[in-house]
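One structure below.
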Amino acid sequence: MSEVLEPKKASAAGTVASAEPVYALMDQRPADMSNAESPLSRFRWQVSSSGKNVGVVARELALLGHFILRGNVANADFVKGAAEVLGVELPGTLKSNAKGNLVVRWLAPDEWLITVPGEQAFAIESNLRKRLTGHYSLVNVSGGQTLLVLSGADAVNVLRKSCHYDVHDRNFPVGKVVGTTFAKAQCVIRRAGQQEWELVIRRSFADYLAAWIQDAAQEYGFAVK
Amino acid sequence: MLHIFCPHCGEYREEEEFRCKGQAHIARPLDPEACSDEEWGHFMFFRQNTRGQHRELWVHSTGCRKHFNVIRNTVTYEIEKVYLVGTKPETEGAAS
């Protein structure tokens with residue numbers, strides 16, 4: 001490892017010899033995923049008894065590849081390069097762009113979250129590293145967070161109970177992304193469909209939020225996919 | 001609860017999403033080694049306790065996690081102006 005991360009030093013001057021950026025590029029997904037555990041894989045969901053109407057369905061999109069991409073939107077080559085590799089433009093303020101299973105969420109004016117299927121993660125990371133130049137940052141954060149999807153007619157009511165952000169259609173159209181507090185924890189919420197909401201939650205908060213959500217959803221009828 | 005405009009997100013959000021980081025525009029001494037204990041102490045610990053307009057640094061901690069400045073009236077709690085770090089709009093009677 002150390003030889004990968006060690007910056008190349010010029011022998012005499014002590015400055016970086018080559019202009020080539022130094023980064024560690026490695027496939028962080030093991031070849032054998034049979035023992036892989038997502039943050040919620042051991043969570044014991046308590047669903048509503050069968051026969052009841054189901055208003056809220058929770059589904060964890062487990063073990064995806066999560067990347068934080070940072071760069072300057074004023075840098076045309078960065079914006080163009082990212083769009084070439086990802087196949088979608090980097091979205092603007094509070095927006096998201098999706099292409100198949102790849103979703104790019106706006107997090108901050110210079111920061112985006114890219115989620116891709118786990119098996120494609122290394123290819124996307126490698127391609128971005130190959131294409132992008134200059135001042136940017138790409139970090140694999142797959143292990144730190146997970147995606148929880150709430151769907152169903154009453155999913156919106158669970159959100160209303162859990163966060164103070166206005167989730168009405170006029171303020172939260174499909175495709176919008178907001179970073180906000182959800183049940184007192186930090187959360188990035190994206191409206192993926194008319195009745196579908198994706199929550200990006202931290203690994204260490206996953207248990208707590210899952211427990212909160214199942215409690216909040218019981219009155220509408222709760223199921224897990 | 002305050003309703004605060006985040007200049008990076010371009011929206012009003014609840015105070016719960018923000019943290020106040022205290023007085024804004026505190027310049028770090030360019031050469032800390034050359035500071036006397038008194039100068040360094042003033043930089044580190046001494047803050048204004050303004051009545052009226054107060055310039056503060058806030059961070060949108062659960063949103064975009066960016067910092068910005070506000071001018072808040074400490075008497076009425078009203079946020080009179082929100083502006084980006086690196087700028088300093090003039091306001092009558094504003095604390096420095």
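Kindly provide the set of residues from segment A:147-163 that are in contact with a helix residue (DSSP H, G or I) (Cβ under 7 Å, 6 or more places away or on another chain) and farther than 18 Å from A:A98 by Cβ, ordered by number. A:D154, A:N157, A:V158, A:K161, A:S162, listed by residue number. Restricting attention to segment A:36-74, the residues that are more than 22 Å from the chain's Cα centre (by Cα) and over 30 Å from A:V85 (Cα atoms) add up to 12. Of the set (1) under 26 Å from B:E90 (Cβ atoms); (2) more than 14 Å from chain A (Cβ to nearest Cβ), all apply to B:C35 but (1). Here B:T50 meets each of (1) within 14 Å of chain A (Cβ to nearest Cβ); (2) hydroxyl-bearing (S, T, Y); (3) surrounded by 14 or more Cβ atoms within 10 Å (Cβ to Cβ) with one exception, condition (1).
Residues that are in contact (Cβ under 8 Å) with a residue 24 or more places away in the chain, within 14 Å of the chain's Cα centre (by Cα) and within 20 Å of A:A210 (Cβ to Cβ) do not occur anywhere in segment A:119-133. Of the strands (runs of 3 or more DSSP E) lying entirely inside segment A:114-216, those containing at least 3 residues that are more than 17 Å from A:G65 (Cβ to Cβ) and of a type outside the set (V, I, T) are A:185-193, A:196-202. In segment A:65-96, the qualifying residues are those that are free of Cβ contacts under 8 Å to residues at least 24 places away in the same chain and in contact with a helix residue (DSSP H, G or I) (Cβ under 8 Å, 6 or more places away or on another chain), and the one that is nearest to A:H135 (Cα to Cα) is A:L90.
Across segment A:65-104, which residue is nearest to B:H8 (Cα to Cα) among those that are assigned to a loop (DSSP other than H, G, I, E, B) and of a type in the set (A, V, I, L, M)? Among those residues, the one meeting the criterion is A:L94. When each of A:G65, A:G100 is tested for being surrounded by 15 or more Cβ atoms within 10 Å (Cβ to Cβ) and more than 14 Å from chain B (Cβ to nearest Cβ), the lone residue that passes is A:G65. Yes or no: segment A:152-159 includes at least one residue that is closer than 19 Å to B:I4 by Cα and among the polar types (S, T, N, Q). For segment A:152-159, residues closer than 19 Å to B:I4 by Cα and among the polar types (S, T, N, Q): absent. When B:G63 is tested against the conditions (1) in contact with a strand residue (DSSP E or B) (Cβ under 9 Å, 6 or more places away or on another chain); (2) more than 14 Å from chain A (Cβ to nearest Cβ), the lone failure is (2). Against the condition among the charged types (D, E, K, R) and either within 14 Å of chain B (Cβ to nearest Cβ) or touching a helix residue (DSSP H, G or I) at 6+ places or on another chain (Cβ under 9 Å) (or both), how does A:D166 come out, does it pass? Criteria met by A:D166.
No lab work stands behind these numbers, since they all come straight from the coordinates. Everything numeric in this text was worked out from a predicted model, so none of it was measured. When we count neighbours, we look across all protein chains shown, and the Cβ atoms used for this are built from the backbone with ideal geometry, even at glycine.
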